[in-house]
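Take a look at the structure set out below.
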Amino acid sequence: MVTAKWARRVLLEDIRANNDISRKTLNTLLWNRFKVQMATNTLYRVRARALIEIHGGYDDSYAFLPGYCEMIRRTNPGSDASCVWNPETHVDRPLAFVTIFISFKPCLDGLRDGIRGFIGVDGTHLKGNYGGVLLSFVALDGNNELFPFAWGIVSNEDSESWGFFVHHLRDFLRSTGRGDDWCIISDRQKGIECALDKVWPEVDRRYCTKHLASNWKKAFPGPLMLSLFWKACGAYSEFTFKKAMEKMDKVGKGVLEEIPWSDWLQEGKRVRSGPGLTYVQTLCKEFKSFVRTQGLVIPIYLLLVSLKSLRGSHTFLYKAAYANGIKSILDPEQWPEFNMPKMLPPELKRGIGRPCRNRKRYDTEERKGKRVKTVRTARHTARLAASQPQPTRLTKLGAVCTFASQPRQL
(Lines give C-alpha, C1' and ligand atoms only; values in the text may rest on other atoms or scores of the structure.)
Protein backbone atom coordinates (compact mmCIF):
# COMPACT_ATOMS: atom_id res chain seq x y z
CA MET A 1 0.00 0.00 0.00
CA VAL A 2 1.37 3.41 -0.97
CA THR A 3 1.66 5.41 2.25
CA ALA A 4 3.97 8.09 3.61
CA LYS A 5 5.70 5.50 5.80
CA TRP A 6 6.37 3.27 2.78
CA ALA A 7 7.67 6.21 0.73
CA ARG A 8 10.01 7.24 3.55
CA ARG A 9 11.44 3.73 3.67
CA VAL A 10 12.06 3.39 -0.09
CA LEU A 11 13.40 6.95 -0.51
CA LEU A 12 15.52 7.10 2.65
CA GLU A 13 18.87 6.55 0.92
CA ASP A 14 18.10 9.09 -1.80
CA ILE A 15 17.28 11.70 0.83
CA ARG A 16 20.42 10.74 2.77
CA ALA A 17 22.53 11.38 -0.35
CA ASN A 18 20.87 14.75 -1.01
CA ASN A 19 19.20 16.38 1.97
CA ASP A 20 17.79 19.17 -0.17
CA ILE A 21 16.27 16.94 -2.85
CA SER A 22 13.14 18.43 -4.42
CA ARG A 23 9.69 16.90 -4.24
CA LYS A 24 9.52 16.75 -8.03
CA THR A 25 12.65 14.60 -8.08
CA LEU A 26 11.20 12.31 -5.43
CA ASN A 27 8.04 11.91 -7.49
CA THR A 28 10.15 11.07 -10.54
CA LEU A 29 12.02 8.38 -8.58
CA LEU A 30 8.76 6.84 -7.39
CA TRP A 31 7.39 6.75 -10.93
CA ASN A 32 10.54 5.27 -12.47
CA ARG A 33 10.82 2.55 -9.84
CA PHE A 34 7.26 1.72 -8.82
CA LYS A 35 5.01 3.52 -11.37
CA VAL A 36 3.29 5.48 -8.61
CA GLN A 37 3.07 9.17 -7.76
CA MET A 38 2.21 11.04 -4.58
CA ALA A 39 1.03 14.54 -3.71
CA THR A 40 3.76 17.13 -3.31
CA ASN A 41 2.61 18.04 0.22
CA THR A 42 2.87 14.38 1.23
CA LEU A 43 6.40 14.18 -0.18
CA TYR A 44 7.32 17.29 1.81
CA ARG A 45 6.33 15.51 5.03
CA VAL A 46 8.11 12.36 3.86
CA ARG A 47 11.37 14.26 3.39
CA ALA A 48 11.02 16.05 6.73
CA ARG A 49 10.47 12.79 8.65
CA ALA A 50 13.31 11.11 6.76
CA LEU A 51 15.70 13.92 7.76
CA ILE A 52 14.68 13.49 11.39
CA GLU A 53 15.41 9.78 11.10
CA ILE A 54 18.81 10.49 9.51
CA HIS A 55 20.07 13.40 11.63
CA GLY A 56 17.82 13.30 14.66
CA GLY A 57 15.37 15.93 15.82
CA TYR A 58 16.08 19.57 16.59
CA ASP A 59 15.02 19.12 20.21
CA ASP A 60 17.32 16.17 20.89
CA SER A 61 20.40 17.78 19.33
CA TYR A 62 20.74 20.38 22.12
CA ALA A 63 21.37 17.63 24.66
CA PHE A 64 24.65 16.75 22.87
CA LEU A 65 26.21 20.22 23.17
CA PRO A 66 27.69 19.97 26.73
CA GLY A 67 29.25 16.60 25.91
CA TYR A 68 30.46 17.91 22.57
CA CYS A 69 32.32 20.77 24.27
CA GLU A 70 33.87 18.35 26.73
CA MET A 71 35.00 16.04 23.91
CA ILE A 72 36.59 19.00 22.10
CA ARG A 73 38.65 19.84 25.17
CA ARG A 74 39.72 16.20 25.59
CA THR A 75 40.58 15.37 21.98
CA ASN A 76 42.11 18.76 21.16
CA PRO A 77 43.78 20.02 24.38
CA GLY A 78 44.03 23.78 24.58
CA SER A 79 40.84 24.40 22.62
CA ASP A 80 38.21 26.81 23.89
CA ALA A 81 34.73 25.27 24.00
CA SER A 82 32.21 26.89 26.32
CA CYS A 83 28.51 26.16 26.59
CA VAL A 84 26.06 28.13 28.77
CA TRP A 85 22.56 27.11 29.82
CA ASN A 86 19.98 28.28 32.35
CA PRO A 87 20.26 26.96 35.92
CA GLU A 88 17.79 24.43 37.29
CA THR A 89 16.23 27.13 39.44
CA HIS A 90 15.26 29.22 36.42
CA VAL A 91 11.58 30.17 36.55
CA ASP A 92 10.60 30.07 32.89
CA ARG A 93 12.92 27.58 31.16
CA PRO A 94 15.32 25.63 33.42
CA LEU A 95 18.32 24.00 31.72
CA ALA A 96 17.51 25.75 28.43
CA PHE A 97 20.30 26.53 25.95
CA VAL A 98 21.70 30.07 26.07
CA THR A 99 24.94 30.28 24.05
CA ILE A 100 28.00 28.35 22.88
CA PHE A 101 31.53 29.34 21.78
CA ILE A 102 33.96 27.00 19.97
CA SER A 103 37.54 27.47 18.75
CA PHE A 104 40.03 24.66 18.17
CA LYS A 105 43.66 24.70 19.28
CA PRO A 106 45.02 23.94 15.76
CA CYS A 107 43.25 27.09 14.56
CA LEU A 108 45.06 29.03 17.28
CA ASP A 109 48.39 27.58 16.13
CA GLY A 110 47.59 28.49 12.54
CA LEU A 111 46.78 32.06 13.53
CA ARG A 112 50.06 32.35 15.37
CA ASP A 113 52.29 30.83 12.69
CA GLY A 114 50.83 31.50 9.25
CA ILE A 115 47.82 33.85 9.27
CA ARG A 116 47.90 37.62 8.95
CA GLY A 117 46.29 39.58 11.77
CA PHE A 118 43.28 40.68 9.72
CA ILE A 119 39.95 39.30 10.94
CA GLY A 120 36.41 39.59 9.55
CA VAL A 121 33.48 39.53 11.96
CA ASP A 122 29.89 38.83 11.00
CA GLY A 123 26.72 37.03 12.07
CA THR A 124 24.05 35.09 10.23
CA HIS A 125 20.55 34.19 11.36
CA LEU A 126 19.63 30.52 11.60
CA LYS A 127 16.36 29.36 10.10
CA GLY A 128 15.69 26.31 12.27
CA ASN A 129 12.79 25.81 14.64
CA TYR A 130 14.50 27.74 17.44
CA GLY A 131 16.22 30.50 15.48
CA GLY A 132 19.36 32.05 16.88
CA VAL A 133 22.36 33.81 15.35
CA LEU A 134 25.66 32.18 14.39
CA LEU A 135 28.57 34.57 15.05
CA SER A 136 31.82 33.86 13.24
CA PHE A 137 35.37 35.16 13.02
CA VAL A 138 37.11 34.54 9.67
CA ALA A 139 40.72 35.25 8.65
CA LEU A 140 42.71 34.99 5.41
CA ASP A 141 45.46 32.45 4.89
CA GLY A 142 48.49 32.84 2.64
CA ASN A 143 46.43 31.97 -0.44
CA ASN A 144 43.71 34.53 0.40
CA GLU A 145 41.28 31.74 1.19
CA LEU A 146 38.78 31.12 3.95
CA PHE A 147 40.15 30.36 7.44
CA PRO A 148 37.34 30.27 10.05
CA PHE A 149 38.82 29.87 13.50
CA ALA A 150 36.04 30.76 15.98
CA TRP A 151 32.27 30.52 15.91
CA GLY A 152 29.39 30.48 18.31
CA ILE A 153 25.60 30.57 18.54
CA VAL A 154 23.64 33.11 20.53
CA SER A 155 19.96 33.94 20.84
CA ASN A 156 20.11 37.52 19.53
CA GLU A 157 22.69 39.71 17.82
CA ASP A 158 22.96 42.43 20.47
CA SER A 159 25.69 44.05 22.54
CA GLU A 160 25.42 41.46 25.33
CA SER A 161 25.83 38.45 23.03
CA TRP A 162 28.63 40.13 21.09
CA GLY A 163 30.29 41.00 24.40
CA PHE A 164 30.31 37.32 25.39
CA PHE A 165 31.78 36.41 22.03
CA VAL A 166 34.42 39.16 21.97
CA HIS A 167 35.47 38.33 25.54
CA HIS A 168 36.34 34.75 24.57
CA LEU A 169 37.94 35.91 21.33
CA ARG A 170 40.15 38.45 23.12
CA ASP A 171 41.51 35.86 25.54
CA PHE A 172 41.91 33.39 22.67
CA LEU A 173 43.89 35.77 20.43
CA ARG A 174 46.02 37.17 23.24
CA SER A 175 47.21 33.66 24.02
CA THR A 176 48.93 33.57 20.59
CA GLY A 177 51.55 36.04 21.83
CA ARG A 178 50.56 38.91 19.54
CA GLY A 179 48.72 40.76 22.27
CA ASP A 180 46.42 43.42 20.80
CA ASP A 181 48.19 43.52 17.43
CA TRP A 182 45.06 42.58 15.45
CA CYS A 183 42.74 44.37 13.05
CA ILE A 184 39.02 43.57 13.09
CA ILE A 185 36.74 44.50 10.20
CA SER A 186 32.94 44.42 10.40
CA ASP A 187 29.84 46.19 9.22
CA ARG A 188 28.27 49.04 11.17
CA GLN A 189 26.25 46.75 13.42
CA LYS A 190 25.81 48.55 16.74
CA GLY A 191 26.24 45.43 18.87
CA ILE A 192 29.75 44.82 17.52
CA GLU A 193 30.86 48.40 18.14
CA CYS A 194 29.52 48.47 21.70
CA ALA A 195 31.13 45.12 22.52
CA LEU A 196 34.53 46.13 21.16
CA ASP A 197 34.42 49.50 22.93
CA LYS A 198 33.58 47.84 26.23
CA VAL A 199 35.55 44.57 26.13
CA TRP A 200 38.47 45.16 23.77
CA PRO A 201 38.99 48.89 23.08
CA GLU A 202 42.73 48.47 22.36
CA VAL A 203 42.23 46.44 19.16
CA ASP A 204 42.44 48.16 15.79
CA ARG A 205 39.19 48.44 13.83
CA ARG A 206 38.03 48.88 10.24
CA TYR A 207 34.66 49.00 8.48
CA CYS A 208 33.60 47.19 5.33
CA THR A 209 33.47 49.62 2.43
CA LYS A 210 30.57 47.79 0.79
CA HIS A 211 28.33 48.31 3.81
CA LEU A 212 29.61 51.86 4.16
CA ALA A 213 28.76 52.60 0.51
CA SER A 214 25.26 51.13 0.83
CA ASN A 215 24.53 53.35 3.85
CA TRP A 216 26.12 56.40 2.27
CA LYS A 217 24.43 55.94 -1.12
CA LYS A 218 21.02 56.76 0.36
CA ALA A 219 22.18 60.27 1.27
CA PHE A 220 24.24 60.80 -1.91
CA PRO A 221 22.65 58.87 -4.80
CA GLY A 222 24.10 58.81 -8.29
CA PRO A 223 26.82 56.89 -10.17
CA LEU A 224 29.32 59.78 -10.12
CA MET A 225 29.57 59.96 -6.35
CA LEU A 226 29.73 56.18 -6.06
CA SER A 227 32.60 55.97 -8.57
CA LEU A 228 34.52 58.67 -6.67
CA PHE A 229 33.88 56.82 -3.43
CA TRP A 230 35.39 53.58 -4.76
CA LYS A 231 38.28 55.54 -6.28
CA ALA A 232 39.09 56.87 -2.82
CA CYS A 233 38.74 53.38 -1.33
CA GLY A 234 41.14 51.82 -3.83
CA ALA A 235 43.73 54.61 -3.78
CA TYR A 236 47.30 53.44 -3.18
CA SER A 237 48.83 56.90 -2.75
CA GLU A 238 47.97 59.87 -0.59
CA PHE A 239 47.80 62.16 -3.65
CA THR A 240 45.15 60.00 -5.38
CA PHE A 241 43.19 59.71 -2.19
CA LYS A 242 43.11 63.46 -1.55
CA LYS A 243 42.10 64.19 -5.16
CA ALA A 244 39.20 61.75 -4.96
CA MET A 245 38.03 63.17 -1.63
CA GLU A 246 38.21 66.74 -2.93
CA LYS A 247 36.11 65.82 -5.96
CA MET A 248 33.59 64.10 -3.72
CA ASP A 249 33.32 67.19 -1.54
CA LYS A 250 32.97 69.41 -4.62
CA VAL A 251 30.26 67.32 -6.31
CA GLY A 252 28.28 66.53 -3.14
CA LYS A 253 28.23 69.20 -0.50
CA GLY A 254 28.70 67.89 3.01
CA VAL A 255 30.11 64.51 2.04
CA LEU A 256 33.12 64.92 4.31
CA GLU A 257 30.77 65.54 7.20
CA GLU A 258 28.92 62.31 6.45
CA ILE A 259 32.19 60.33 6.21
CA PRO A 260 34.72 62.04 8.50
CA TRP A 261 38.43 61.83 7.78
CA SER A 262 38.93 59.89 10.99
CA ASP A 263 37.28 56.91 9.34
CA TRP A 264 39.82 57.05 6.52
CA LEU A 265 43.00 58.14 8.31
CA GLN A 266 44.67 56.81 11.41
CA GLU A 267 48.00 57.86 12.95
CA GLY A 268 49.00 59.69 9.76
CA LYS A 269 48.46 56.61 7.57
CA ARG A 270 45.64 56.17 5.14
CA VAL A 271 43.46 53.14 5.67
CA ARG A 272 43.55 51.07 2.49
CA SER A 273 40.01 49.79 2.55
CA GLY A 274 38.55 48.85 -0.82
CA PRO A 275 40.04 45.61 -2.24
CA GLY A 276 41.31 44.01 0.96
CA LEU A 277 38.45 44.81 3.31
CA THR A 278 35.74 44.00 0.81
CA TYR A 279 37.39 40.65 0.08
CA VAL A 280 37.30 39.67 3.74
CA GLN A 281 33.59 40.47 3.87
CA THR A 282 33.10 38.43 0.68
CA LEU A 283 34.63 35.44 2.43
CA CYS A 284 32.36 36.09 5.39
CA LYS A 285 29.41 35.95 3.00
CA GLU A 286 30.64 32.62 1.61
CA PHE A 287 30.85 31.30 5.16
CA LYS A 288 27.31 32.58 5.86
CA SER A 289 26.02 30.99 2.67
CA PHE A 290 27.36 27.61 3.79
CA VAL A 291 25.75 28.06 7.20
CA ARG A 292 22.37 29.00 5.72
CA THR A 293 22.38 25.98 3.39
CA GLN A 294 23.33 23.50 6.12
CA GLY A 295 21.22 25.10 8.84
CA LEU A 296 18.02 24.40 6.94
CA VAL A 297 18.36 20.62 6.93
CA ILE A 298 20.45 19.55 9.95
CA PRO A 299 20.12 20.13 13.73
CA ILE A 300 22.37 22.44 15.71
CA TYR A 301 24.84 19.79 16.91
CA LEU A 302 25.60 18.53 13.38
CA LEU A 303 25.82 22.11 12.15
CA LEU A 304 28.62 22.87 14.63
CA VAL A 305 30.41 19.65 13.71
CA SER A 306 30.30 20.49 9.99
CA LEU A 307 31.88 23.94 10.44
CA LYS A 308 35.33 22.57 11.25
CA SER A 309 35.37 20.78 7.87
CA LEU A 310 35.72 24.15 6.10
CA ARG A 311 39.23 24.56 7.42
CA GLY A 312 41.89 23.11 5.14
CA SER A 313 39.62 22.61 2.14
CA HIS A 314 42.00 24.36 -0.28
CA THR A 315 45.12 23.03 -1.96
CA PHE A 316 47.71 25.80 -1.99
CA LEU A 317 48.03 27.10 1.55
CA TYR A 318 50.73 28.16 3.88
CA LYS A 319 52.13 25.04 5.50
CA ALA A 320 52.52 26.77 8.81
CA ALA A 321 48.82 27.63 9.01
CA TYR A 322 47.76 24.02 8.45
CA ALA A 323 50.62 22.17 10.09
CA ASN A 324 48.43 20.95 12.95
CA GLY A 325 45.18 19.22 12.02
CA ILE A 326 42.01 19.05 14.06
CA LYS A 327 41.63 15.66 15.66
CA SER A 328 38.36 13.93 14.90
CA ILE A 329 35.69 13.55 17.57
CA LEU A 330 33.97 10.26 18.23
CA ASP A 331 30.33 9.62 17.52
CA PRO A 332 28.03 10.47 20.46
CA GLU A 333 27.31 6.78 20.97
CA GLN A 334 31.01 6.24 21.81
CA TRP A 335 31.32 9.10 24.27
CA PRO A 336 32.01 8.31 27.93
CA GLU A 337 29.38 9.21 30.47
CA PHE A 338 29.51 12.83 31.59
CA ASN A 339 28.02 14.12 34.81
CA MET A 340 26.13 16.92 33.07
CA PRO A 341 22.45 17.80 33.00
CA LYS A 342 20.42 17.21 29.87
CA MET A 343 20.20 20.52 28.09
CA LEU A 344 16.84 21.56 26.69
CA PRO A 345 16.23 23.67 23.57
CA PRO A 346 15.53 27.39 23.90
CA GLU A 347 12.18 29.01 23.42
CA LEU A 348 10.49 28.12 20.15
CA LYS A 349 10.78 31.05 17.74
CA ARG A 350 9.42 29.55 14.57
CA GLY A 351 6.69 31.68 13.04
CA ILE A 352 3.44 30.64 11.42
CA GLY A 353 3.80 29.00 8.03
CA ARG A 354 6.82 27.71 6.19
CA PRO A 355 9.98 29.75 6.83
CA CYS A 356 11.36 31.84 3.99
CA ARG A 357 14.48 30.34 2.44
CA ASN A 358 15.53 33.40 0.46
CA ARG A 359 17.56 36.06 2.20
CA LYS A 360 16.25 39.60 2.24
CA ARG A 361 18.50 41.54 -0.08
CA TYR A 362 19.77 45.08 0.37
CA ASP A 363 18.74 47.89 -1.93
CA THR A 364 22.10 47.83 -3.70
CA GLU A 365 22.12 44.07 -4.32
CA GLU A 366 20.99 42.40 -7.50
CA ARG A 367 17.73 40.50 -7.34
CA LYS A 368 16.80 37.34 -9.12
CA GLY A 369 15.00 38.09 -12.36
CA LYS A 370 11.53 36.75 -13.06
CA ARG A 371 10.34 35.39 -16.34
CA VAL A 372 7.99 37.75 -18.17
CA LYS A 373 4.62 36.14 -18.75
CA THR A 374 4.11 37.81 -22.13
CA VAL A 375 7.21 36.23 -23.67
CA ARG A 376 6.29 33.19 -25.77
CA THR A 377 8.73 30.41 -26.33
CA ALA A 378 9.13 28.43 -29.57
CA ARG A 379 7.19 25.48 -28.12
CA HIS A 380 4.32 27.73 -27.07
CA THR A 381 4.21 29.35 -30.53
CA ALA A 382 4.17 25.96 -32.27
CA ARG A 383 1.37 24.68 -30.02
CA LEU A 384 -0.63 27.86 -30.61
CA ALA A 385 -0.21 27.58 -34.39
CA ALA A 386 -1.33 23.94 -34.37
CA SER A 387 -4.56 24.80 -32.56
CA GLN A 388 -5.55 27.46 -35.12
CA PRO A 389 -7.52 26.48 -38.27
CA GLN A 390 -5.31 26.28 -41.36
CA PRO A 391 -6.40 27.90 -44.65
CA THR A 392 -7.10 25.74 -47.70
CA ARG A 393 -6.11 26.80 -51.21
CA LEU A 394 -8.16 25.66 -54.24
CA THR A 395 -7.28 26.37 -57.83
CA LYS A 396 -10.07 26.24 -60.40
CA LEU A 397 -10.05 27.72 -63.86
CA GLY A 398 -6.99 29.76 -63.07
CA ALA A 399 -8.51 31.38 -59.95
CA VAL A 400 -7.17 30.92 -56.45
CA CYS A 401 -9.68 30.71 -53.58
CA THR A 402 -8.60 30.74 -49.95
CA PHE A 403 -10.97 29.86 -47.10
CA ALA A 404 -10.79 28.33 -43.65
CA SER A 405 -10.79 24.54 -43.31
CA GLN A 406 -13.52 24.76 -40.72
CA PRO A 407 -16.92 26.26 -41.62
CA ARG A 408 -17.88 29.46 -39.93
CA GLN A 409 -20.64 29.09 -37.35
CA LEU A 410 -23.54 31.45 -38.08
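The values are calculated or read from the model by the stated rules, or taken from the named source; none is laboratory data. As the structure is a prediction and not an experimental result, all values here were calculated from the model. Here the Cβ positions follow ideal geometry from the backbone for every residue, glycine too, while neighbour counts run over all protein chains shown. With ligands, DNA and RNA removed, areas are computed over all heavy atoms of the protein, side chains included. Shrake-Rupley method; radii C 1.70, N 1.55, O 1.52, S 1.80 Å.
Accessible surface for VAL251 stands near 80 Å², nearest 10, in the context of the full protein assembly shown (1.4 Å probe).
In percent, how large is the relative contact order of the range 1-150, given Cα pairs closer than 8 Å and 6 or more residues apart? List each step's numbers first, then the result.
Details: 159 pairs, mean separation 19.7, N = 150.
Taking the mean separation of contacting Cα pairs over the length of the range 1-150, I get 13 percent.
For a Förster distance of 25 Å, can you work out the FRET efficiency between the beta-carbons of LEU95 and ILE52, rounded to the nearest 0.05? About 0.65, to the nearest 0.05.
I'd like the carbon and sulfur percentage of the solvent accessible area for the range 102-164, probe radius 1.4 Å, heavy atoms only, ligands and nucleic acids excluded.
Summing carbon and sulfur atoms, their accessible area is 41 percent of the total for the range 102-164.
Going by a ≥ b ≥ c, the root eigenvalues of the Cα gyration tensor, does the range 56-162 fall in the rounded group (a/c under 1.5), the prolate group (a/b larger than b/c) or the oblate group? Write down the numbers at each step before the final one.
On the way: a/c = 2.33, a/b = 1.65, b/c = 1.41.
Prolate is the answer for the range 56-162, as a/c is 1.5 or above and a/b outweighs b/c.
Counting only heavy atoms of the protein chains and using a 1.4 Å probe, VAL98 has close to 50 Å² of accessible surface. Once the Cβ-Cβ distance of TRP230 and ALA320 is raised to the sixth power relative to R0 = 41 Å, the FRET efficiency obtained is 0.75. Taking label positions 7 Å along the Cα-Cβ direction at both LYS242 and ASN156, the computed distance is 4.8 nm, reported to one decimal. Each Lys and Arg contributes +1 and each Asp and Glu -1, all at the Cβ; summed about the Cα centre of the range 43-114, the dipole is approximately 240 debye.
For the range 72-190, calculate the relative contact order in percent as a whole number, restricting contacts to Cα pairs under 8 Å that are 6 or more residues apart.
Working: 194 pairs, mean separation 28.0, N = 119.
Relative contact order of the range 72-190: 24 percent.
HIS211 sits with roughly 30 Å² accessible to a 1.4 Å probe, with DNA, RNA and ligands left out of the calculation. The magnitude of the dipole of the range 119-204, with charges of +1 and -1 set on the Cβ of Lys/Arg and Asp/Glu and taken from the Cα centre, is near 200 debye. Taken about its Cα centre, the range 9-84 carries a charge dipole of roughly 520 debye when the Cβ of each Lys and Arg holds +1 and the Cβ of each Asp and Glu holds -1.
Listed by chain and number, the aspartates and glutamates whose C-alpha is less than 18 Å from the C-alpha of LYS319, apart from same-chain residues fewer than 8 away, are ASP109, ASP113, ASP141, GLU145.
For the range 1-98, what is the accessible area per residue in Å² when the probe is 1.4 Å?
Numbers: 5620 Å² over 98 residues.
With all protein chains present, the range 1-98 gives 57 Å² per residue.
Contact order, relative form, for the range 62-119: 29 percent (alpha carbon pairs under 8 Å, 6 or more residues apart, mean separation divided by residue count). With a 1.4 Å probe rolled over the protein heavy atoms of all chains, the accessible area of TRP335, TRP230 falls in the order TRP230, TRP335, largest first.
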